[in-house]
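Okay, structure first, notes after.
The values are calculated or read from the model by the stated rules, or taken from the named source; none is laboratory data. Please read these numbers as outputs of a predicted model, since none were measured by experiment. Here Cβ is always computed from backbone atoms with ideal geometry, including for glycine, and neighbour counts include all displayed protein chains.
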Amino acid sequence: MSATQDRSHSSLGGLALAALGIVYGDIGTSPLYAFKEAFHGSHALAVSETNVLAALSAFFWAMMLIISLKYVWIVLRYDNDGEGGVLALTALAHRTASHAPRLATLVIGAGVFAAALFYGDAIITPAISVLSAVEGLAVAAPQFEQLIVPITIGILVPLFLIQKHGTSRVGTLFGPVTLIWFATLAVLGLQSIIQTPQVLAAIDPRHAVSFALDHPHAAFLLLSAVFLALTGGEALYADMGHFGARAVRVAWYGLVCPALLINYFGQGALVLRDPTAAENPFYLLAPDWFVFPLIGLATAATVIASQATISGAYSMTLQASRLGYLPRVRILHTSDRERGQIYIPSVNWLMLLSVVLLVLEFRSSTALAAAYGIAVSGTMIITTVLTIFVTLAAAARFRLPIVAGLGLFALLECAFFGSNLTKIAAGGWFPMLLGALIFIALTSWKEGSHLVAEQRRKIDVPMDGFLHGPHPDVPRVAGTAVYLTSDTTIVPSALFHNLKHYKVMHEQTVFLHVINEEIPYVSDVDHLRLTPLAPDTYQLDVHFGFREEPDLPKALEGVVRFGLTFDPMLTTYFVARSVIVDGPGSLPRWRCALFSWMTRQAEGAATYFRLPANQVVELGTQVLL
């Protein structure tokens, strides 16, 4: 059943509540640190009424334009069969540009780099979110300040350790806890605004515009703090497949956006009354008796935000693997009912190691804020550019006004990106370096896989010559041989070696070709395509969407509609495994070594495709690159 069909069975209110916990966990915890960075960060403004109103005005209009208008109103319309996210958008743009190979290459390159930056965001979010929540201890009890880092690590490590058990049980609590969190944000902010109502004057955009004209350098630096209020905006698009665009919009306009803005304005009102509160305006909004409960609630909210980005990293890895940018990885499904709930051990442990090292290195949310904005702003720019590309190629109504609006958003996001670049030395280098390394790995795998296919095409036997050319009769043994092949124009190397060394064939031969489509789900009717090639010899194409689980034995059950039957006990699966050898090829030696290492880490085809272990024969071949 598709995600769209699943959603039809749920009420809009229930979906909107569930979206609170998953979609809005990241952006919902931004009040912990975003406004503080404007007056307490590395480029802090002096606390004055003019500066506070200018900053709040910038916060307000940035959220209205980038989140409320661009993401929630426009970008959510660009789904790939109900799925969102930068890789889903990249696949959509790639199909649009398929007639122009060079343009398609640029589109794919941009999308893959945005996906690489997303991993940086997924690693920084748990560290900065939990750190900023635990830092409330320094407000409530300054003697606990030395315990902030150990407590943060003590929260993060169990969070990653429990991932293998799945989130289905805890997930039911996410929505209600986040609902309480947003209600608390609104109440704390409202009671502060009531005391200093003149802060509402910041809704007038002239405060931000006048500040930018009078102090352009300070305004440019302020953008990096303002952007922290927008982090998590990509999650609105990336997670739309779980709940649908309508539920995401209802949750944003109905609760999330008002609660966030009220809290930011409340923090601004507090700073106007007490300039020293700029040190941590979020926790100082609360009465003394509520600080410790607020720390507990904030910690729960940041754990939820962290869970959302961890799950997003799993989903991104799955999509990258399906689209051919990563090798097969071990994927564990943690729910019998929800296929989207997955666990990838290798990604989990790498993220845990990276997050702990980040906390130990930066030690505060203020230090980490410098690293946070670059990854997200870079991803946002690429999302906007890809959306413009898809819009121009579509024959949609209001195409030109939408493109003009997206162009304006792109300029704003470039300004945010430029402002964040000023923090390169203070930590912004981390997501850029991480993104570059992941981009190299993704593109190396794609290029290496392409070269392996080219090498095989040169040395292997063409399928047409094998099927129609003269070849001696060979003995036939009982049963069905299923040869997995990535190229239907050549004879699988496993069959070639079988004939060369054992000189036998099975009574029935099937060349099985798995095709990963650039859509999330493939309908049951389109899953299989059977083509007779010769007597008792067939080509079977099995189509999977990039969000589907490739279960070949289950897929083969569908061949009965073609009048073909398999006896599972008499079926043998033949799989070829490549061993990469450095040679005088077009791939540089260091990339060849990287590709070879990634090949060794890849999960075997038998496990990946869920083939029965006692019916698989694996044959190795060497490939020179």
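If we scan segment 580-602, do we find a residue that is modelled with pLDDT under 85, within 28 Å of ALA478 (Cα to Cα) and buried (at least 16 other Cβ atoms within 10 Å of the Cβ)? Checked segment 580-602: no residue is modelled with pLDDT under 85, within 28 Å of ALA478 (Cα to Cα) and buried (at least 16 other Cβ atoms within 10 Å of the Cβ).
Being surrounded by 16 or more Cβ atoms within 10 Å (Cβ to Cβ) and more than 21 Å from VAL623 (Cβ to Cβ) is the requirement here; does ALA576 meet it? It is false that ALA576 is surrounded by 16 or more Cβ atoms within 10 Å (Cβ to Cβ) and more than 21 Å from VAL623 (Cβ to Cβ). Of all residues in segment 359-386, those satisfying the criterion of being part of a helix (DSSP H, G or I) and over 18 Å from GLY232 (Cβ atoms) are VAL359, LEU360, GLU361, PHE362, THR366, ALA367, VAL385, LEU386. I need the full set of residues from segment 302-341 which are within 23 Å of TRP445 (Cα to Cα) and either at pLDDT below 75 or outside the structural domain of ILE162 (by TED's automatic domain parsing) (or both), in order please. If the condition is that a residue be within 23 Å of TRP445 (Cα to Cα) and either at pLDDT below 75 or outside the structural domain of ILE162 (by TED's automatic domain parsing) (or both), then LEU332 is the only one that fits. All of PRO431, PRO520 fail the test of being modelled with pLDDT under 85, part of a helix (DSSP H, G or I) and buried (at least 17 other Cβ atoms within 10 Å of the Cβ), apart from PRO431. Among the conditions (1) buried (at least 16 other Cβ atoms within 10 Å of the Cβ); (2) farther than 20 Å from ASP487 by Cβ; (3) at pLDDT 85 or above, the only one that TYR538 does not satisfy is (2). Residues satisfying the criterion are present in segment 523-532 (criterion: closer than 30 Å to GLN319 by Cβ, in the same structural domain as PRO568 (by TED's automatic domain parsing) and part of a loop (DSSP other than H, G, I, E, B)).
Yes/no per residue for (1) at pLDDT below 75; (2) small (Gly, Ala, Ser):
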{"site": "ASP6", "(1), (2)": "yes, no"}
{"site": "VAL23", "(1), (2)": "no, no"}
{"site": "LEU92", "(1), (2)": "no, no"}
{"site": "ALA100", "(1), (2)": "no, yes"}
{"site": "LEU106", "(1), (2)": "no, no"}
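Residue count for segment 87-136, restricted to those that are more than 14 Å from VAL355 (Cα to Cα) and either hydrophobic (A, V, I, L, M, F, W, C) or not assigned by TED's automatic domain parsing to the domain that holds MET316 (or both): 23.
Meeting the requirement of 3 or more residues that are over 18 Å from TRP181 (Cβ atoms) and either touching a residue at least 60 places away in the same chain (Cβ under 8 Å) or hydroxyl-bearing (Ser, Thr, Tyr) (or both), the helices (runs of 4 or more DSSP H) wholly within segment 216-315 are 216-227, 233-238, 240-243, 245-251, 257-273.
Against the conditions (1) surrounded by 18 or more Cβ atoms within 10 Å (Cβ to Cβ); (2) farther than 30 Å from ASP214 by Cβ, TRP61 satisfies every one except (2). What residue, of ALA370, ALA394, ALA375, is of a type in the set (A, V, I, L, M), in the same structural domain as LEU103 (by TED's automatic domain parsing) and closer than 22 Å to SER98 by Cα? One residue alone meets the criteria, ALA394. Counting only residues that are part of a loop (DSSP other than H, G, I, E, B) and either at pLDDT 90 or above or in contact with a Ser or Thr (Cβ under 8 Å, 6 or more places away or on another chain) (or both), segment 26-45 holds 5 of them.
LEU147: among the aliphatic types (A, V, I, L, M), part of a helix (DSSP H, G or I) and surrounded by fewer than 19 Cβ atoms within 10 Å (Cβ to Cβ), yes or no?
yes
Looking for something farther than 30 Å from LEU200 by Cβ, among the hydroxyl-bearing types (Ser, Thr, Tyr) and surrounded by fewer than 24 Cβ atoms within 10 Å (Cβ to Cβ) - is there at least one such residue anywhere in segment 105-125? Yes. Taken over segment 616-625, residues that are modelled with pLDDT of 80 or more and buried (at least 17 other Cβ atoms within 10 Å of the Cβ) amount to 1. Of all residue pairs spaced 6 or more apart or on separate chains, those with beta-carbon atoms under 7 Å, a first member in segment 22-46 that is assigned by TED's automatic domain parsing to the domain that holds GLU135 and a second member that is in a helix (DSSP H, G or I) and of a type in the set (D, E, K, R) are HIS40/GLU279. Could you grab me the full set of residues in segment 549-572 that are more than 20 Å from ARG330 (Cα to Cα) and either outside any helix (DSSP H, G or I) or outside the structural domain of MET598 (by TED's automatic domain parsing) (or both)? GLY563, LEU564, THR565, PHE566, ASP567, THR571, THR572 - these are the residues of segment 549-572 that are more than 20 Å from ARG330 (Cα to Cα) and either outside any helix (DSSP H, G or I) or outside the structural domain of MET598 (by TED's automatic domain parsing) (or both). State whether one or more residues within segment 305-316 are of a type outside the set (Asp, Glu) and farther than 20 Å from VAL355 by Cβ. Among the residues of segment 305-316, not one is of a type outside the set (Asp, Glu) and farther than 20 Å from VAL355 by Cβ, which makes the answer no.
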